[in-house]
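S.K.: Handing you this structure, nothing more for now.
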């Protein structure tokens, strides 16, 4: 389910509820954009799994998950 | 008595829609009625999209009326195992884990079928995460055999075999890692093919074991299956293992018959645990092939048991990578049977696969 981005007014309301001195609308809009991006990034990390990778990216992801080799190089 | 379009095969119904003797709306309406009729008994669908299918059928008939170029499946209703991405549509993988997952992009195989003019009438039942060969599913309900509902449908593409055999779809898509197209095709008396690795793109299809996974069609005849495979096969940049070789016209090849074709018949391993009735059915099939002119060549496949074990190690090691985090963090999202099966995967390490 897509996450609704935060808007400027929500940030201003939250600031008021928290008793923070924020009344600059431009600053509130910037905070809203930054917070929305952070929330989306966290949500992606939680929800995305190896299932969601394209076949071409899958083997590379497995390589990254694998522990480093403990023995010498293959001859 | 009016004609039952469900009695026709895929190739035949495509020709009839093309020549105007049947409409896509008429055919789709008949198949939707059949799907609704068999669903309470067979449970082969997890979703029947009547509204979407009829909208697409109307568009197909309009396109024909306008004189548009028609694809080889123009206006033909199909159904797909519930593990192929369709942009914007939630899909389940036969599980409760993925119920809210909405893909951003459509699977290549679905794009190819749509480009050929196919219409989707619904999503088909399957084993949870394709981890099962019988067609049982504790979350979405067991899928039953279309020939005799007292019997199992086979899996993991259970709905794909059952719906096609029940004449609720002209063909379906399944996936096959260790038999998941071939088993339900055999159990329901239809045709299914797991093509050579790399023939068909897996982009946008659920993964089980990407080193072995294949996507394949199920249909009611070899010719119908061949048309599906000709559309599905071919290189796809989204799946780098797909072959760049030109795709033959498999349907045209079937017209040549099997006169003179050499067919290998392995006599070791596969018969070891076969019951007398299965042996008898196999012998009857071989006799039928011979009557049609094929040459049977008995042979012994070396190291089958070892290969089977090695294949299991690869599948389980790759399934561990896919399911490991969920099994550790949220084991309750799996049904008990599949949790046990998936947990077995954790016993296989990549070292075991290397050995």
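S.K.: Quick one: if you stick a label point 7 Å off each Cα along the C-beta vector at residue B:337 and residue B:287, how many nm between them?
M.R.: Once both label points are built, they end up 3.5 nm from each other.
S.K.: Continuing with the same structure: List the relative contact order of the range B:77-210 as a percent without decimals, with contacts defined as Cα pairs under 8 Å and 6+ residues apart.
M.R.: It comes to 25 percent, rounded to a whole number.
S.K.: Moving on to the next point. Can you pull the one-decimal nm distance between simple spin-label points at residue A:27 and residue B:299, each 7 Å off the Cα toward Cβ?
M.R.: 7.8
S.K.: What FRET efficiency, computed as 1/(1 + (r/R0)^6) with R0 = 41 Å and r the Cβ-Cβ distance, is obtained for residue B:55 and residue B:212, rounded to the nearest 0.05?
M.R.: Efficiency, from the Cβ-Cβ distance: 0.65.
S.K.: Also: Would you mind calculating the relative contact order of chain B from Cα pairs under 8 angstrom and at least 6 residues apart, reporting the percent as a whole number?
M.R.: Normalised by residue count, the contact order of chain B is 13 percent.
S.K.: Any idea how far the Cα center of the range B:226-271 sits from the one of the range B:77-98, in Å?
M.R.: Taking the Cα centre of each part, the range B:226-271 and the range B:77-98 sit 26 Å apart.
S.K.: Over the range B:154-254, what relative contact order in percent results from Cα pairs under 8 Å that are six or more residues apart?
M.R.: About 26 percent, as a whole number.
S.K.: Would you mind getting me the FRET efficiency between residue B:258 and residue B:4? Use the beta-carbon distance for r and R0 = 45 Å, nearest 0.05.
M.R.: After rounding to 0.05, the efficiency reads 0.90.
S.K.: Highest mean first, what order results for B:255-268, B:168-181, B:7-20 on Cβ atoms within 10 Å?
M.R.: Listed from highest to lowest mean packing, they are B:168-181, B:7-20, B:255-268.
S.K.: Additional query: Averaged over B:32-45, how many beta carbons belonging to a partner chain fall within 10 Å of each residue's beta carbon?
M.R.: Average neighbour count from other chains, rounded to a whole number: 0.
S.K.: Using 1/(1 + (r/R0)^6) with R0 = 35 angstrom and r between the beta carbons of residue B:306 and residue A:35, what's the FRET efficiency to the nearest 0.05?
M.R.: For residue B:306 and residue A:35, the calculated efficiency is 0.05.
S.K.: By average Cβ neighbour count within 10 Å, what is the ranking of B:241-247, B:214-220, B:194-200 from highest down?
M.R.: B:214-220, B:194-200, B:241-247
S.K.: Still on this structure, I have one more. In the range B:240-266, which residues have a backbone nitrogen under 14 Å from the label point lying 7 Å from residue B:222's Cα in the Cα-to-Cβ direction?
M.R.: Residues B:250-264 qualify, since their backbone N sits under 14 Å from the label point.
S.K.: Okay, moving on. What's the average, rounded to a whole number, of partner chain beta-carbon atoms within 10 Å of each residue's beta-carbon in B:210-222?
M.R.: Mean shielding count: 1.
S.K.: Which whole number gives the average, over all residues in A:49-62, of C-beta atoms from other chains lying within 10 Å of the residue C-beta?
M.R.: 6
S.K.: Further question on the same structure: Any idea how far apart residue B:344 and residue B:197 come out in nm if each label point goes 7 Å out from Cα toward Cβ?
M.R.: Each label point is offset 7 Å from its Cα along the Cβ direction, giving 2.1 nm.
S.K.: Under the 0.36 nm per residue contour assumption, what length would be gained going from the current alpha-carbon distance of residue B:241 and residue B:268 to full extension?
M.R.: Gain on extension, residue B:241 to residue B:268, equals 6.6 nm.
Every read-out reported here was derived from the displayed coordinates using simple, explicitly stated rules and does not represent laboratory data. Predicted, not measured: the structure shown is a model, and the values here were computed from it. Neighbour counts are summed over all protein chains in view; Cβ atoms, including those assigned to glycine, are modelled from backbone coordinates with ideal geometry.
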